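Notes follow once the structure below has been shown.
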Amino acid sequence: MVDMGENQSKEIDTHFSALYSTIMHVDMDAFYASVEQLDFPEYRGKPIAVGGMDKGVISTASYEARKFGVRSAMPVYQAKKVCPQLIMRPVRMMRYQEVSAHVMDILGSVTPVVEKISIDEAFIDVAGSVRLFGAPVQIAQYLRSEIKNNVGISASVGIANVKYAAKMASDCAKPDGLLYVSPEETLSFVQSRPVRDLWGVGAKTLQILQRQGIHIVGDIANISRDRLVALLGQAQGIHLYELAHGIDTRKVHAPAEEKSISSEQTFYTPLYKVADVEEVMLSQAHVLARKLRGKKKSAKTISIKIKFSHFQSLTRSRTLIEDVTTAEKIYNVAKELLRDIDVRSGVRLVGLRVSQLNYGAMAQLDIFGDSGRQENVEKAMDKIKDRFGSALVSPASLVKNELKAENREKNTGKKKN
Ligand code: TTP
Ligand code: MG
(Lines give C-alpha, C1' and ligand atoms only; values in the text may rest on other atoms or scores of the structure.)
(Ligands and ions follow the chains in the order given, each with its own letter.)
Protein backbone atom coordinates (compact mmCIF):
# COMPACT_ATOMS: atom_id res chain seq x y z
CA MET A 1 0.00 0.00 0.00
CA VAL A 2 1.38 3.39 -0.88
CA ASP A 3 0.22 6.22 1.32
CA MET A 4 1.35 9.55 0.00
CA GLY A 5 0.60 12.53 2.12
CA GLU A 6 1.51 16.00 1.02
CA ASN A 7 5.22 15.78 1.56
CA GLN A 8 5.85 12.14 0.97
CA SER A 9 7.16 10.71 -2.25
CA LYS A 10 8.04 7.27 -3.49
CA GLU A 11 9.77 5.73 -6.45
CA ILE A 12 7.07 4.52 -8.77
CA ASP A 13 7.34 1.73 -11.26
CA THR A 14 6.55 3.42 -14.52
CA HIS A 15 6.04 0.15 -16.39
CA PHE A 16 2.32 -0.37 -16.40
CA SER A 17 1.08 -3.88 -16.06
CA ALA A 18 -2.42 -5.26 -15.89
CA LEU A 19 -1.72 -5.89 -12.24
CA TYR A 20 -2.08 -2.24 -11.33
CA SER A 21 -5.23 -0.92 -9.72
CA THR A 22 -6.69 1.69 -12.04
CA ILE A 23 -9.96 2.85 -10.46
CA MET A 24 -9.67 6.18 -8.68
CA HIS A 25 -12.08 7.89 -6.35
CA VAL A 26 -11.40 11.61 -6.22
CA ASP A 27 -13.06 13.61 -3.46
CA MET A 28 -12.49 17.27 -2.61
CA ASP A 29 -11.54 18.04 0.98
CA ALA A 30 -14.13 19.97 3.02
CA PHE A 31 -15.44 21.15 -0.32
CA TYR A 32 -17.76 24.12 0.37
CA ALA A 33 -15.54 25.31 3.24
CA SER A 34 -12.40 25.04 1.09
CA VAL A 35 -14.00 27.19 -1.63
CA GLU A 36 -14.86 29.81 1.01
CA GLN A 37 -11.26 29.78 2.24
CA LEU A 38 -10.06 30.05 -1.36
CA ASP A 39 -12.24 33.05 -2.18
CA PHE A 40 -11.82 34.78 1.20
CA PRO A 41 -8.18 34.42 2.32
CA GLU A 42 -9.02 35.89 5.74
CA TYR A 43 -10.74 32.56 6.60
CA ARG A 44 -7.77 30.38 5.72
CA GLY A 45 -6.42 28.34 8.64
CA LYS A 46 -9.53 29.21 10.68
CA PRO A 47 -12.44 27.08 11.89
CA ILE A 48 -15.24 27.87 9.48
CA ALA A 49 -18.48 26.14 8.55
CA VAL A 50 -20.86 26.57 5.62
CA GLY A 51 -24.64 26.38 5.88
CA GLY A 52 -27.00 27.14 8.67
CA MET A 53 -29.04 29.79 6.92
CA ASP A 54 -32.28 27.95 6.19
CA LYS A 55 -32.40 24.68 8.08
CA GLY A 56 -30.00 25.70 10.84
CA VAL A 57 -27.59 22.83 10.17
CA ILE A 58 -23.99 22.70 9.01
CA SER A 59 -23.39 21.60 5.41
CA THR A 60 -19.68 21.14 5.97
CA ALA A 61 -16.87 22.39 8.16
CA SER A 62 -13.23 23.18 7.51
CA TYR A 63 -10.72 20.70 8.90
CA GLU A 64 -9.75 23.36 11.46
CA ALA A 65 -13.36 23.29 12.73
CA ARG A 66 -13.52 19.48 12.62
CA LYS A 67 -10.78 19.38 15.29
CA PHE A 68 -13.39 20.79 17.67
CA GLY A 69 -15.95 18.20 16.62
CA VAL A 70 -17.94 20.31 14.14
CA ARG A 71 -19.52 18.00 11.55
CA SER A 72 -21.88 17.98 8.54
CA ALA A 73 -25.58 17.87 9.51
CA MET A 74 -24.83 19.24 13.01
CA PRO A 75 -27.18 22.00 14.20
CA VAL A 76 -25.44 25.38 14.17
CA TYR A 77 -26.16 26.06 17.85
CA GLN A 78 -24.42 22.79 18.78
CA ALA A 79 -21.46 23.59 16.56
CA LYS A 80 -21.10 27.00 18.24
CA LYS A 81 -21.14 25.26 21.59
CA VAL A 82 -18.22 22.96 20.74
CA CYS A 83 -16.40 25.68 18.82
CA PRO A 84 -17.37 29.20 20.00
CA GLN A 85 -14.96 30.92 17.56
CA LEU A 86 -16.60 29.14 14.57
CA ILE A 87 -17.09 31.42 11.55
CA MET A 88 -20.34 30.70 9.67
CA ARG A 89 -20.60 31.27 5.92
CA PRO A 90 -23.72 31.08 3.75
CA VAL A 91 -23.96 28.44 0.99
CA ARG A 92 -22.96 29.83 -2.45
CA MET A 93 -24.11 26.96 -4.63
CA MET A 94 -23.42 28.60 -8.01
CA ARG A 95 -19.81 29.15 -7.06
CA TYR A 96 -19.38 25.55 -5.83
CA GLN A 97 -20.87 24.28 -9.10
CA GLU A 98 -18.42 26.41 -11.05
CA VAL A 99 -15.47 25.03 -9.06
CA SER A 100 -16.88 21.50 -9.43
CA ALA A 101 -17.02 21.87 -13.22
CA HIS A 102 -13.39 23.03 -13.24
CA VAL A 103 -12.32 19.99 -11.18
CA MET A 104 -14.28 17.60 -13.45
CA ASP A 105 -12.60 19.19 -16.48
CA ILE A 106 -9.19 18.43 -14.98
CA LEU A 107 -10.20 14.80 -14.36
CA GLY A 108 -11.43 14.66 -17.95
CA SER A 109 -8.01 15.75 -19.18
CA VAL A 110 -6.53 12.29 -18.42
CA THR A 111 -9.44 10.01 -19.32
CA PRO A 112 -12.92 10.18 -20.82
CA VAL A 113 -14.03 7.59 -18.23
CA VAL A 114 -15.24 10.03 -15.57
CA GLU A 115 -18.31 9.19 -13.49
CA LYS A 116 -19.39 12.15 -11.42
CA ILE A 117 -21.02 10.95 -8.21
CA SER A 118 -21.74 14.25 -6.49
CA ILE A 119 -20.71 17.89 -6.66
CA ASP A 120 -17.27 17.12 -5.24
CA GLU A 121 -16.50 13.49 -6.07
CA ALA A 122 -16.01 11.27 -9.07
CA PHE A 123 -14.73 7.88 -10.04
CA ILE A 124 -12.34 7.66 -12.95
CA ASP A 125 -10.76 4.63 -14.58
CA VAL A 126 -7.30 5.28 -15.96
CA ALA A 127 -6.70 1.81 -17.46
CA GLY A 128 -6.66 3.34 -20.95
CA SER A 129 -4.50 6.33 -19.97
CA VAL A 130 -1.34 4.75 -18.60
CA ARG A 131 0.49 4.57 -21.91
CA LEU A 132 0.13 8.32 -22.39
CA PHE A 133 0.29 9.57 -18.83
CA GLY A 134 2.16 7.00 -16.72
CA ALA A 135 1.25 4.66 -13.87
CA PRO A 136 -1.96 5.30 -11.89
CA VAL A 137 -0.13 6.75 -8.88
CA GLN A 138 1.63 9.23 -11.14
CA ILE A 139 -1.66 10.17 -12.75
CA ALA A 140 -3.22 10.71 -9.33
CA GLN A 141 -0.31 12.89 -8.22
CA TYR A 142 -0.61 14.88 -11.43
CA LEU A 143 -4.36 15.36 -10.93
CA ARG A 144 -3.93 16.42 -7.32
CA SER A 145 -1.32 19.01 -8.21
CA GLU A 146 -3.31 20.26 -11.24
CA ILE A 147 -6.36 20.74 -9.00
CA LYS A 148 -4.31 22.48 -6.32
CA ASN A 149 -2.47 24.75 -8.76
CA ASN A 150 -5.33 25.58 -11.09
CA VAL A 151 -8.39 25.46 -8.87
CA GLY A 152 -6.70 26.32 -5.58
CA ILE A 153 -8.11 23.65 -3.25
CA SER A 154 -7.11 20.10 -2.34
CA ALA A 155 -8.48 16.74 -3.42
CA SER A 156 -7.87 13.34 -1.89
CA VAL A 157 -7.56 10.29 -4.10
CA GLY A 158 -8.01 6.59 -3.42
CA ILE A 159 -6.92 4.01 -5.99
CA ALA A 160 -8.00 0.36 -6.01
CA ASN A 161 -9.15 -2.28 -8.47
CA VAL A 162 -12.80 -2.10 -7.38
CA LYS A 163 -14.98 0.95 -6.90
CA TYR A 164 -15.96 0.65 -3.27
CA ALA A 165 -12.37 -0.02 -2.21
CA ALA A 166 -11.23 3.10 -4.08
CA LYS A 167 -13.82 5.12 -2.18
CA MET A 168 -12.67 3.65 1.12
CA ALA A 169 -9.09 4.46 0.18
CA SER A 170 -9.86 8.12 -0.52
CA ASP A 171 -11.61 8.34 2.86
CA CYS A 172 -8.48 6.96 4.50
CA ALA A 173 -6.25 9.38 2.61
CA LYS A 174 -8.15 12.49 3.76
CA PRO A 175 -7.32 15.29 4.01
CA ASP A 176 -5.03 16.14 1.10
CA GLY A 177 -3.71 12.63 0.58
CA LEU A 178 -3.34 9.78 -1.86
CA LEU A 179 -3.69 6.09 -1.06
CA TYR A 180 -2.91 3.35 -3.56
CA VAL A 181 -4.21 -0.14 -2.81
CA SER A 182 -2.77 -2.82 -5.09
CA PRO A 183 -5.04 -5.63 -6.34
CA GLU A 184 -3.38 -8.13 -3.94
CA GLU A 185 -3.94 -5.83 -0.97
CA THR A 186 -7.56 -5.00 -1.69
CA LEU A 187 -9.18 -7.77 0.31
CA SER A 188 -7.11 -7.27 3.46
CA PHE A 189 -7.49 -3.49 3.17
CA VAL A 190 -11.27 -3.66 2.83
CA GLN A 191 -11.65 -6.22 5.61
CA SER A 192 -9.67 -4.03 8.02
CA ARG A 193 -12.06 -1.08 7.62
CA PRO A 194 -15.12 -0.33 9.77
CA VAL A 195 -18.45 -1.45 8.30
CA ARG A 196 -19.70 2.15 8.37
CA ASP A 197 -17.08 3.04 5.74
CA LEU A 198 -18.66 0.67 3.20
CA TRP A 199 -20.22 2.66 0.39
CA GLY A 200 -24.01 2.42 0.60
CA VAL A 201 -24.29 1.12 4.16
CA GLY A 202 -26.88 3.29 5.86
CA ALA A 203 -27.65 3.89 9.52
CA LYS A 204 -30.27 1.13 9.70
CA THR A 205 -28.05 -1.62 8.26
CA LEU A 206 -25.20 -0.44 10.46
CA GLN A 207 -27.37 -0.73 13.55
CA ILE A 208 -28.48 -4.29 12.70
CA LEU A 209 -24.88 -5.37 12.10
CA GLN A 210 -23.51 -3.70 15.21
CA ARG A 211 -26.13 -5.46 17.33
CA GLN A 212 -24.67 -8.72 16.03
CA GLY A 213 -21.19 -7.66 17.08
CA ILE A 214 -20.20 -6.95 13.46
CA HIS A 215 -17.95 -3.88 13.39
CA ILE A 216 -15.33 -4.30 10.70
CA VAL A 217 -15.80 -5.61 7.16
CA GLY A 218 -13.74 -8.67 8.09
CA ASP A 219 -16.46 -9.59 10.61
CA ILE A 220 -18.98 -9.77 7.76
CA ALA A 221 -16.65 -12.09 5.85
CA ASN A 222 -16.69 -14.47 8.80
CA ILE A 223 -20.41 -15.10 8.72
CA SER A 224 -22.37 -17.11 6.20
CA ARG A 225 -24.26 -15.70 3.26
CA ASP A 226 -27.49 -17.23 4.50
CA ARG A 227 -27.17 -15.56 7.86
CA LEU A 228 -26.51 -12.19 6.24
CA VAL A 229 -29.57 -12.65 4.03
CA ALA A 230 -31.64 -13.54 7.11
CA LEU A 231 -30.38 -10.39 8.85
CA LEU A 232 -30.56 -7.87 6.01
CA GLY A 233 -32.81 -9.31 3.33
CA GLN A 234 -31.89 -10.89 -0.01
CA ALA A 235 -30.49 -7.91 -1.92
CA GLN A 236 -28.53 -6.16 0.83
CA GLY A 237 -27.38 -9.46 2.37
CA ILE A 238 -25.85 -10.75 -0.86
CA HIS A 239 -24.42 -7.34 -1.71
CA LEU A 240 -22.58 -7.01 1.60
CA TYR A 241 -21.43 -10.64 1.45
CA GLU A 242 -19.80 -9.94 -1.91
CA LEU A 243 -18.21 -6.68 -0.80
CA ALA A 244 -16.80 -8.36 2.30
CA HIS A 245 -15.13 -10.88 -0.01
CA GLY A 246 -13.70 -8.22 -2.29
CA ILE A 247 -16.24 -8.75 -5.08
CA ASP A 248 -17.58 -5.67 -6.88
CA THR A 249 -18.38 -5.88 -10.57
CA ARG A 250 -19.55 -2.27 -10.90
CA LYS A 251 -17.67 -0.47 -13.63
CA VAL A 252 -16.89 3.23 -13.81
CA HIS A 253 -19.66 4.52 -16.06
CA ALA A 254 -18.65 7.36 -18.32
CA PRO A 255 -21.43 9.33 -20.00
CA ALA A 256 -22.42 7.79 -23.35
CA GLU A 257 -19.76 8.40 -25.97
CA GLU A 258 -20.57 10.70 -28.83
CA LYS A 259 -19.81 9.03 -32.15
CA SER A 260 -19.84 12.07 -34.39
CA ILE A 261 -20.51 15.80 -34.54
CA SER A 262 -22.23 17.35 -37.52
CA SER A 263 -23.58 20.59 -38.88
CA GLU A 264 -26.15 20.94 -41.69
CA GLN A 265 -27.76 23.83 -43.48
CA THR A 266 -30.68 23.73 -45.91
CA PHE A 267 -31.35 26.36 -48.54
CA TYR A 268 -34.65 27.15 -50.24
CA THR A 269 -32.74 29.12 -52.80
CA PRO A 270 -30.24 26.57 -54.12
CA LEU A 271 -26.51 27.26 -54.29
CA TYR A 272 -25.07 26.85 -57.79
CA LYS A 273 -21.45 27.89 -57.21
CA VAL A 274 -18.65 25.85 -55.67
CA ALA A 275 -17.43 28.98 -53.86
CA ASP A 276 -20.80 29.38 -52.13
CA VAL A 277 -20.83 25.77 -50.97
CA GLU A 278 -17.24 26.15 -49.78
CA GLU A 279 -18.16 29.20 -47.74
CA VAL A 280 -20.88 27.28 -45.96
CA MET A 281 -18.41 24.48 -45.29
CA LEU A 282 -15.85 26.88 -43.86
CA SER A 283 -18.41 28.18 -41.43
CA GLN A 284 -19.43 24.63 -40.50
CA ALA A 285 -15.78 23.60 -40.08
CA HIS A 286 -15.38 26.35 -37.50
CA VAL A 287 -18.51 25.24 -35.64
CA LEU A 288 -17.31 21.61 -35.57
CA ALA A 289 -13.73 22.44 -34.60
CA ARG A 290 -14.96 24.60 -31.76
CA LYS A 291 -17.20 21.80 -30.51
CA LEU A 292 -14.33 19.31 -30.78
CA ARG A 293 -12.03 21.54 -28.76
CA GLY A 294 -14.77 22.14 -26.21
CA LYS A 295 -15.03 18.38 -25.71
CA LYS A 296 -11.22 17.96 -25.80
CA LYS A 297 -11.63 15.61 -28.73
CA SER A 298 -10.04 15.13 -32.10
CA ALA A 299 -11.45 13.45 -35.21
CA LYS A 300 -10.08 11.10 -37.84
CA THR A 301 -12.90 10.98 -40.39
CA ILE A 302 -14.43 13.93 -42.21
CA SER A 303 -17.59 13.57 -44.29
CA ILE A 304 -19.60 15.91 -46.43
CA LYS A 305 -23.21 15.55 -47.49
CA ILE A 306 -24.76 17.36 -50.42
CA LYS A 307 -28.46 17.32 -51.35
CA PHE A 308 -29.42 18.56 -54.78
CA SER A 309 -32.50 20.41 -56.05
CA HIS A 310 -33.69 17.19 -57.65
CA PHE A 311 -33.58 15.58 -54.15
CA GLN A 312 -30.75 13.24 -54.96
CA SER A 313 -28.14 13.29 -52.24
CA LEU A 314 -24.63 12.00 -51.85
CA THR A 315 -21.98 11.75 -49.18
CA ARG A 316 -18.21 11.59 -49.42
CA SER A 317 -15.82 10.90 -46.61
CA ARG A 318 -12.15 10.56 -45.90
CA THR A 319 -10.31 9.01 -42.97
CA LEU A 320 -7.00 10.65 -42.21
CA ILE A 321 -3.83 9.18 -40.77
CA GLU A 322 -3.59 11.86 -38.12
CA ASP A 323 -6.29 13.28 -35.87
CA VAL A 324 -7.55 16.79 -36.55
CA THR A 325 -8.91 19.46 -34.26
CA THR A 326 -8.70 22.63 -36.35
CA ALA A 327 -11.25 24.20 -38.66
CA GLU A 328 -8.49 24.78 -41.18
CA LYS A 329 -7.79 21.04 -41.58
CA ILE A 330 -11.44 20.03 -41.54
CA TYR A 331 -12.22 22.64 -44.17
CA ASN A 332 -9.30 21.64 -46.41
CA VAL A 333 -10.46 18.01 -46.47
CA ALA A 334 -14.09 19.04 -47.05
CA LYS A 335 -12.98 21.21 -49.96
CA GLU A 336 -11.11 18.30 -51.51
CA LEU A 337 -14.12 16.03 -51.10
CA LEU A 338 -16.29 18.62 -52.80
CA ARG A 339 -13.93 18.88 -55.78
CA ASP A 340 -15.40 15.85 -57.58
CA ILE A 341 -19.00 16.89 -57.09
CA ASP A 342 -20.85 18.86 -59.74
CA VAL A 343 -22.96 21.44 -57.95
CA ARG A 344 -24.35 23.19 -61.03
CA SER A 345 -27.76 21.55 -60.76
CA GLY A 346 -28.26 23.41 -57.47
CA VAL A 347 -27.47 22.45 -53.87
CA ARG A 348 -30.26 22.47 -51.29
CA LEU A 349 -28.36 21.09 -48.31
CA VAL A 350 -24.74 21.19 -47.19
CA GLY A 351 -23.61 19.00 -44.33
CA LEU A 352 -20.28 18.48 -42.66
CA ARG A 353 -19.54 15.76 -40.14
CA VAL A 354 -16.53 14.65 -38.13
CA SER A 355 -16.41 11.11 -36.74
CA GLN A 356 -14.04 8.51 -35.27
CA LEU A 357 -13.69 10.88 -32.39
CA ASN A 358 -10.76 10.36 -30.14
CA TYR A 359 -9.80 11.77 -26.87
CA GLY A 360 -7.77 14.85 -27.87
CA ALA A 361 -4.31 13.96 -26.57
CA MET A 362 -3.05 13.12 -30.07
CA ALA A 363 -3.61 16.63 -31.22
CA GLN A 364 -2.05 18.09 -28.11
CA LEU A 365 1.16 16.16 -28.79
CA ASP A 366 1.43 18.11 -32.01
CA ILE A 367 1.24 21.39 -30.15
CA PHE A 368 4.58 22.66 -31.43
CA GLY A 369 3.93 21.73 -35.03
CA ASP A 370 1.95 23.77 -37.53
CA SER A 371 -1.40 22.34 -36.59
CA GLY A 372 -0.53 23.02 -32.94
CA ARG A 373 -0.04 26.68 -33.78
CA GLN A 374 -3.28 26.75 -35.75
CA GLU A 375 -5.04 25.05 -32.86
CA ASN A 376 -3.76 27.74 -30.49
CA VAL A 377 -4.94 30.49 -32.83
CA GLU A 378 -8.40 28.90 -33.03
CA LYS A 379 -8.45 28.31 -29.26
CA ALA A 380 -7.75 32.02 -28.74
CA MET A 381 -10.69 32.78 -31.04
CA ASP A 382 -12.87 30.39 -29.02
CA LYS A 383 -12.05 32.32 -25.85
CA ILE A 384 -12.93 35.68 -27.36
CA LYS A 385 -16.12 34.24 -28.84
CA ASP A 386 -17.06 32.85 -25.42
CA ARG A 387 -16.75 36.32 -23.94
CA PHE A 388 -18.03 38.58 -26.68
CA GLY A 389 -20.12 36.42 -28.99
CA SER A 390 -19.22 34.85 -32.32
CA ALA A 391 -19.68 37.75 -34.73
CA LEU A 392 -16.53 39.58 -33.61
CA VAL A 393 -13.76 37.15 -34.36
CA SER A 394 -13.63 35.10 -37.49
CA PRO A 395 -11.37 34.64 -40.44
CA ALA A 396 -12.25 37.27 -43.05
CA SER A 397 -13.91 34.76 -45.38
CA LEU A 398 -15.95 33.42 -42.51
CA VAL A 399 -17.27 36.83 -41.46
CA LYS A 400 -18.48 37.30 -44.99
CA ASN A 401 -20.16 33.92 -44.84
CA GLU A 402 -21.76 34.55 -41.45
CA LEU A 403 -23.30 37.74 -42.77
CA LYS A 404 -24.51 35.94 -45.86
CA ALA A 405 -25.88 33.07 -43.80
CA GLU A 406 -27.71 35.54 -41.59
CA ASN A 407 -29.30 37.15 -44.63
CA ARG A 408 -30.21 33.77 -46.00
CA GLU A 409 -31.73 32.79 -42.69
CA LYS A 410 -34.14 35.65 -42.98
CA ASN A 411 -35.78 34.28 -46.09
CA THR A 412 -34.75 30.64 -46.10
CA GLY A 413 -35.06 27.63 -43.81
CA LYS A 414 -31.92 26.75 -41.90
CA LYS A 415 -31.14 23.65 -39.95
CA LYS A 416 -28.04 23.39 -37.81
CA ASN A 417 -27.04 20.55 -35.51
P1 TTP B 1 -18.47 15.51 1.35
O2 TTP B 1 -17.50 15.14 0.30
O3 TTP B 1 -19.18 14.42 2.06
O4 TTP B 1 -17.74 16.37 2.48
P5 TTP B 1 -16.63 17.47 2.33
O6 TTP B 1 -16.10 17.60 0.97
O7 TTP B 1 -17.13 18.74 2.92
O8 TTP B 1 -15.49 16.95 3.30
P9 TTP B 1 -14.53 15.69 3.09
O10 TTP B 1 -14.87 15.07 1.77
O11 TTP B 1 -13.15 16.22 3.15
O12 TTP B 1 -14.84 14.79 4.23
O13 TTP B 1 -19.57 16.46 0.76
C14 TTP B 1 -19.29 17.41 -0.27
C15 TTP B 1 -20.09 18.67 -0.04
O16 TTP B 1 -21.47 18.37 0.01
C17 TTP B 1 -19.77 19.36 1.27
O18 TTP B 1 -18.66 20.25 1.17
C19 TTP B 1 -21.05 20.08 1.56
C20 TTP B 1 -22.15 19.21 0.95
N21 TTP B 1 -22.79 18.43 2.01
C22 TTP B 1 -23.99 18.92 2.56
O23 TTP B 1 -24.50 19.95 2.13
N24 TTP B 1 -24.58 18.22 3.56
C25 TTP B 1 -24.05 17.07 4.09
O26 TTP B 1 -24.62 16.49 5.02
C27 TTP B 1 -22.83 16.58 3.52
C28 TTP B 1 -22.21 15.31 4.06
C29 TTP B 1 -22.24 17.28 2.50
MG1 MG C 1 -15.56 15.88 -0.15
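Some values worked out for this structure:
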| quantity | calculated |
| --- | --- |
| Apportionment of accessible area to carbon and sulfur, segment 193-244, percent (1.4 Å) | 46 percent |
| Computed Rg/Rh of segment 143-277, alpha carbon atoms with Kirkwood Rh | 1.32 |
| Three-way shape label, segment 193-244, alpha-carbon gyration tensor, a/c 1.5 | rounded |
| Segment Lys305-Gln85, length gained on full extension (0.36 nm per residue, minus Cα span) | 72.5 nm |
| Global geometry of segment 148-204, whether rounded, prolate or oblate, following the gyration tensor of its Cα atoms and the 1.5 cut on a/c | oblate |
| Surface per residue (accessible, 1.4 Å probe) for segment 193-244, Å² | 54 Å² |
| Accessible surface of Phe267 - all protein chains present, 1.4 Å probe, nearest 10 Å² | 10 Å² |
| Carbon and sulfur %, accessible surface of segment 1-184 computed with the full protein complex present, 1.4 Å | 52 percent |
| Restraint check, Lys67/Lys116; Lys251/Lys329; Lys259/Lys329; Lys251/Lys296, Cα-Cα greater than 26 Å | Lys67/Lys116; Lys251/Lys329 |
| Theoretical FRET efficiency, 1/(1+(r/R0)^6), r = Cβ-Cβ of Glu336 and Asn150, R0 35 Å, to 0.05 | 0.35 |
| Extension gain (nm, one decimal) between Ser224 and Ser317, 0.36 nm per residue minus Cα-Cα | 27.5 nm |
| Solvent-accessible surface (1.4 angstrom probe) belonging to Met88, in square angstrom, nearest 10 | 50 Å² |
| Accessible-area value, Lys300, 1.4 Å probe, nucleic acids and ligands omitted, Å² | 50 Å² |
| Computed label-point distance, nm, for sites Ile384 and Gln210 using a 7 Å Cα→Cβ extension | 6.3 nm |
| Mean separation of Cα contacts under 8 Å, 6 or more apart, over the residue count of segment 83-239: relative contact order % | 11 percent |
| Leu19 paired with Asp171, simple spin-label distance in nm, labels 7 Å along Cα-to-beta-carbon | 2.9 nm |
| Karplus-derived 3J(HN,Hα), 6.51/-1.76/1.60, for each residue of segment 70-77, Hz, glycine and proline x | 6, 9, 4, 6, 7, x, 4, 4 |
| Solvent-accessible area per residue, Å², over segment 1-184 with all protein chains present [probe radius 1.4 Å] | 45 Å² |
| Simple label model, 7 Å out from Cα along Cβ direction - His102 to Ala127, nm | 3.3 nm |
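The values are calculated or read from the model by the stated rules, or taken from the named source; none is laboratory data. Because the structure is predicted, anything quoted here is derived from the model rather than measured. Cβ atoms come from the backbone with ideal geometry, glycine included; neighbour counts cover every protein chain shown. Accessible surface areas use protein heavy atoms only, side chains included; no ligands, DNA or RNA. Shrake-Rupley method; radii C 1.70, N 1.55, O 1.52, S 1.80 Å.
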